[in-house]
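Below is one structure, written out as structure tokens, with a few remarks after it.
The values are calculated or read from the model by the stated rules, or taken from the named source; none is laboratory data. This structure is a prediction, so every number in the text was calculated from the model and none was measured. Neighbour counts are summed over all protein chains in view; Cβ atoms, including those assigned to glycine, are modelled from backbone coordinates with ideal geometry.
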Amino acid sequence: MIDALGADSFAAGPLGMARSNGEIVSVPTDGWTQLVVYRADVFEEKGLNPPKTFADIIAAIDALHNPPEMYGFVAATKIDETYMMQLIEHISLAAGYSPVNADGSVNEDTETLKTVLNFYKAIADASPEGDLYWKQSRELYLDGKAAMIIWSPSLLDELGGLRDSAPVTIDDDPTSRELAGNTGFVTVFAGPGNADGAAYADVRYLGITADANTEVATEFVQFVLSDGYGDWLGMAPEGKFPVRRGTEAGDTSFEAMWSGLDVGVDRKAPLGDIYEKAVIDDIVAGLSVADRWGAADGQLATASKMVNARVMSQVVRKFIDGEISLDEAADEIVEKHKALL
């Protein structure tokens with residue numbers, strides 16, 4: 001099916017994550033890349049670099065953290081929320097750390113892991129106190145009290161003032177698009193020792209089971225990725241980016257179609273009416289290099305055990321609360337991950 005549709009018409013990252021033992025076993029349909037969301041207007045005013053590296057983010061925190069008027073960051077600290085593991089995995093990928101080796105064993109090299117732990121503590125220290133998850137990070141950013149957050153692109157329509165249950169409260173107009181215009185997005189950011197950085201992706205796939213009516217299933221999947229693609233993505237465009245950009249390599253007609261789809265809940269508008277084309281292009285481009293723990297080595301199943309156990313969330317929280325040392329935290333993560341396998 002991928003050959004019929006044209007492998008080179010798909011974003012490379014999601015297609016790579018569809019492989020098992022070297023074979024493509026499902027068809028990617030859509031996805032999203034996690035974003036570093038930041039106040040581009042404030043960064044420009046202070047002469048700060050966009051937050052594309054750990055060093056950029058730390059420098060911005062030093063310059064902008066002034067609570068309660070503005071927090072340098074709003075990081076997740078609630079260990080039973082998936083959101084915290086999403087941030088940890090994103091930051092780990094950026095630093096070049098994966099808890100699983102290419103052969104499926106646990107990564108026992110803790111040096112890069114310690115870089116991840118120290119960075120997470122830095123962004124947590126620049127956050128409000130308490131058990132924080134996606135709700136507080138969104139509310140504080142929409143209220144103009146956060147310089148940076150890491151969020152999914154589901155925030156895009158809310159920034160545009162299209163959802164009453166998540167209003168823009170930075171001024172008296174909850175439908176204002178001014179904050180959207182003052183916001184910048186980074187899809188790929190890098191830690192020390194990993195200059196290329198990484199993007200974290202959540203991708204959706206359609207598979208065909210062994211006992212399926214293969215002919216009918218094939219027709220459906222091909223329809224979804226061609227004539228029906230607009231309806232498929234239109235269910236929630238802000239969270240369903242096209243992984244197939246066009247009908248062939250170099251064609252971006254599906255991407256252009258997607259940017260014209262209406263987003264929002266209480267009000268509707270195309271993303272292309274809210275954000276400049278360059279912003280949209282950059283966000284979608286993140287899917288080409290998107291990654292997850294273990295994906296490149298065919299170890300997604302092993303990595304998923306580590307994600308679902310939330311070992312790193314639990315240990316990171318103890319570390320940032322000062323209950324254990326840096327070395328103790330790194331060693332505990334390794335030992336608890338080994339116990340899972």
Subset tally (residues that are more than 12 Å from Pro242 (Cβ to Cβ), assigned to a helix (DSSP H, G or I) and of a type outside the set (A, V, I, L, M)) for region 213-231: 8
Can you pull out every residue in region 281-315 that is among the aliphatic types (A, V, I, L, M), more than 18 Å from Ala12 (Cα to Cα) and out of contact with any Pro (no Cβ under 8 Å at 6 or more places or on another chain)? Ala301, Val307, Ala309, Val311, Val315
Could you list, in sequence order, all residues of region 286-340 that are farther than 21 Å from Ile79 by Cβ, of a type in the set (A, V, I, L, M) and either modelled with pLDDT of 95 or more or surrounded by fewer than 17 Cβ atoms within 10 Å (Cβ to Cβ) (or both)? Ala296, Ala301
Determine whether region 176-189 contains at least one residue that is modelled with pLDDT of 95 or more, among the polar types (S, T, N, Q) and not in a helix (DSSP H, G or I). yes
Flagged in region 84-114 as among the hydroxyl-bearing types (Ser, Thr, Tyr) and surrounded by 22 or more Cβ atoms within 10 Å (Cβ to Cβ), in numbering order, are Ser92, Tyr97, Ser98
Kindly establish whether Ala285 is of a type in the set (Gly, Ala, Ser), under 22 Å from Gly197 (Cβ atoms) and in contact with a Phe, Trp or Tyr (Cβ under 8 Å, 6 or more places away or on another chain). no
Within region 136-183, residues among the basic types (Lys, Arg) and farther than 22 Å from Pro67 by Cα come out as Arg163, Arg177
Got at least one residue in region 191-212 being over 26 Å from Ala295 (Cα atoms), free of Cβ contacts under 8 Å to residues at least 60 places away in the same chain and out of contact with any strand residue (DSSP E or B) (no Cβ under 6 Å at 6 or more places or on another chain)? yes
Name the single residue, out of those in region 318-334 being within 27 Å of the chain's Cα centre (by Cα) and free of Cβ contacts under 8 Å to residues at least 60 places away in the same chain, that is nearest to Glu108 (Cα to Cα). Glu332
For region 82-107, enumerate the residues that are in a helix (DSSP H, G or I) and acidic (Asp, Glu). Glu89
Quick check on Ala339: is it within 24 Å of the chain's Cα centre (by Cα) and closer than 15 Å to Val106 by Cα? no
For region 213-235, what are the residues that are under 22 Å from Ala12 (Cα atoms) and free of Cβ contacts under 8 Å to residues at least 60 places away in the same chain? Phe223, Asp227, Gly228, Tyr229, Gly230
Quick test for you: out of Ser105, Ser9, pick the one residue that is among the polar types (S, T, N, Q) and in contact with a Phe, Trp or Tyr (Cβ under 9 Å, 6 or more places away or on another chain). Ser9
Out of (1) over 23 Å from Leu179 (Cβ atoms); (2) free of Cβ contacts under 8 Å to residues at least 60 places away in the same chain, what's the single condition that is false for Arg310? (2)
